Amino acid sequence: MGKNDVTRIGLIGYGQIGAAVHGLIDANPAGGMEVVFIHDQDPSRLADVESDLALEDLGDFDSRSPDLVVEMAHPAVTREWGAAILQKTNYMFISVTALADAELESLLEETTREYGTRAFVPHGGVVGMDALLENRDVWESVDVVMKKNPKNVDCAAAGIDADSITEETCLYDGPTRGICPKFPRNVNTHAAIAYAGIGFDRTHSLLLVNPEWSDATIAIHARGPGLDLHVERVEGITGVTGASTPVSIYNTVQMIGSTGPGIHLR
Ligand SMILES: NC(=O)c1ccc[n+]([C@@H]2O[C@H](COP(=O)([O-])OP(=O)(O)OC[C@H]3O[C@@H](n4cnc5c(N)ncnc54)[C@H](O)[C@@H]3O)[C@@H](O)[C@H]2O)c1
């Protein structure tokens with residue numbers, strides 16, 4: 001990914017975020033990035049994609065020589081493919097709940113060391129991840145409060161029927177490590193906050209739902225000696241993804257992969 005090189009990018013997951021990131025990369029040819037494959041477990045999602053870009057079997061990813069593979073599908077992809085990808089190339093995964101599995105976290109770490117590759121976690125829906133990370137030795141507590149309409153929460157893994165919820169209900173109150181396997185598609189922000197800050201066991205997560213809420217709210221309260229951080233964002237949501245996420249993910253892809261000119265914000 002040096003000067004004047006074009007960074008070859010493989011995309012996994014072609015839903016709301018994947019399709020938006022593809023469009024944004026293509027819309028900026030001067031950015032020095034090129035999409036070299038797109039994989040989705042549901043081939044019908046790729047109906048509008050140029051046929052030479054579609055990669056049917058993810059096991060063939062290395063045949064396209066990607067410099068960076070970006071997961072925008074499901075945490076299961078990192079469980080199944082994370083180490084295999086990192087043996088060959090760099091990997092960014094946005095389904096950050098995968099990291100709540102401590103064994104998987106170690107495997108990814110060790111693979112990058114052994115093979116000299118790099119794994120990346122985007123800030124995604126987390127406003128202030130830089131401040132959480134830079135002060136991770138200062139925080140005594142980090143609390144995450146998420147509020148959503150139950151229809152925007154995939155309750156399948158938790159065995160909860162979202163349609164039966166008629167009033168404000170607390171779906172989870174406890175350490176962040178425990179919320180990730182229960183709501184793997186919904187709490188990536190919790191996972192990224194935990195990973196950046198004081199870890200999955202010390203970060204506290206609350207998930208509240210109410211059928212009367214239409215927007216999604218995420219609030220972070222981090223406290224330490226002489227330092228308090230309070231961030232709250234309220235935004236529209238489609239499916240499991242907040243309105244600002246697709247461009248945020250694209251921005252991180254270009255922070256990692258762009259070799260184009262310009263003044264770059266870090
Ligand atoms: N980091 C963040 O801040 C953040 C924010 C929002 C969403 N996410 C996560 O990003 C992912 C994508 O979100 P979205 O809104 O685009 O979802 P989406 O449902 O619109 O699209 C997901 C796509 O991935 C495909 N897919 C699912 N499992 C797969 C697998 N095992 N292998 C290959 N393809 C698979 C689906 O067929 C679908 O096309 C989700 O895991 C979501 O939880 C992360």
Which residue, LEU86, LEU107, LEU207, has the most motion in a Gaussian network model of the chain that connects Cα atoms within less than 10 Å?
-> LEU107
Charge dipole (debye, nearest 20) of the chain; +1 at Cβ of Lys and Arg, -1 at Cβ of Asp and Glu = 520 debye
Using alpha-carbon coordinates, inclination of helix 16-26 to the longest axis of the chain, degrees | 40 degrees
Phi-based couplings in Hz for the range 108-123 (Karplus 6.51, -1.76, 1.60; Gly and Pro marked x) = 5, 4, 5, 5, 5, 5, 5, 9, x, 10, 10, 10, 10, 10, x, 6
Toward the positive end of the charge dipole of the range 140-266, about the Cα centre and with charges on Cβ (Lys, Arg +1; Asp, Glu -1), which of THR238, ALA158, THR189 goes farthest?
-> THR189
Got a sec to turn the phi values of the range 88-102 into Karplus ³J(HN,Hα) couplings, 6.51 cos²θ - 1.76 cosθ + 1.60 with θ = phi - 60°, whole Hz, x for Gly and Pro?
-> 10, 7, 7, 9, 10, 10, 9, 8, 6, 4, 3, 6, 5, 8, 4
How big is the accessible area of THR252 in square angstrom, nearest 10, if you roll a 1.4 angstrom probe over the protein chains?
-> 10 Å²
Within the accessible area of the range 68-186, what % is carbon and sulfur when the probe is 1.4 Å and the other protein chains stay in place?
-> 45 percent
Mind putting together the pair-distance distribution for the range 129-242? All Cα pairs, 10 Å bins, whole percent per bin, short to long.
-> 15, 47, 29, 9, 0
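Around VAL234, what is the net charge, scoring Lys/Arg as +1 and Asp/Glu as -1 over all other residues with Cβ under 10 Å from its Cβ?
On the way: positive: LYS147, ARG233; negative: ASP215, GLU232, GLU235.
Neighbour charge sum, excluding VAL234 itself: -1.
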Roughly how many Å² is the accessible area per residue of the chain, as a whole number, for a 1.4 Å probe?
-> 48 Å²
The range 28-96 versus the range 111-179: alpha-carbon centroid distance in Å = 24 Å
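Apply 1/(1 + (r/R0)^6) to the Cβ-Cβ distance of ASP48 and VAL6, taking R0 = 22 Å, and write down the FRET efficiency to the nearest 0.05.
The computed FRET efficiency comes out at 0.40.
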Per the Debye formula with a single identical scatterer at each Cα and no solvent contribution, what log10 I(q)/I(0) holds for the chain at q = 0.09, 0.12, 0.16 Å⁻¹?
-> -0.42, -0.75, -1.28
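Kindly rank 189-195, 39-45 from highest to lowest mean number of other beta carbons found within 10 Å of each residue. Walk me through the numbers on the way to the answer.
Numbers: 189-195: 27.0, 39-45: 15.1.
Ranking, from highest mean packing down: 189-195, 39-45.
Using a 1.4 angstrom probe with every protein chain in place, what is the largest-first accessible-area order of GLU34, GLU71, GLU212, GLU50? Let's see the in-between values first.
Values: GLU34 85, GLU71 0, GLU212 160, GLU50 115 Å².
Final ranking, largest accessible area leading: GLU212, GLU50, GLU34, GLU71.
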Rg followed by Dmax, in Å, when the range 1-83 is reduced to its Cα trace | 12.4, 37
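The values are calculated or read from the model by the stated rules, or taken from the named source; none is laboratory data. As the structure is a computational prediction, the values presented were derived from the model and not from experiment. Neighbour counts run over all protein chains shown; Cβ positions are idealised from the backbone, glycine included. Remember, those area values only see protein heavy atoms, side chains included, never the ligands or the DNA or RNA. Shrake-Rupley method; radii C 1.70, N 1.55, O 1.52, S 1.80 Å.
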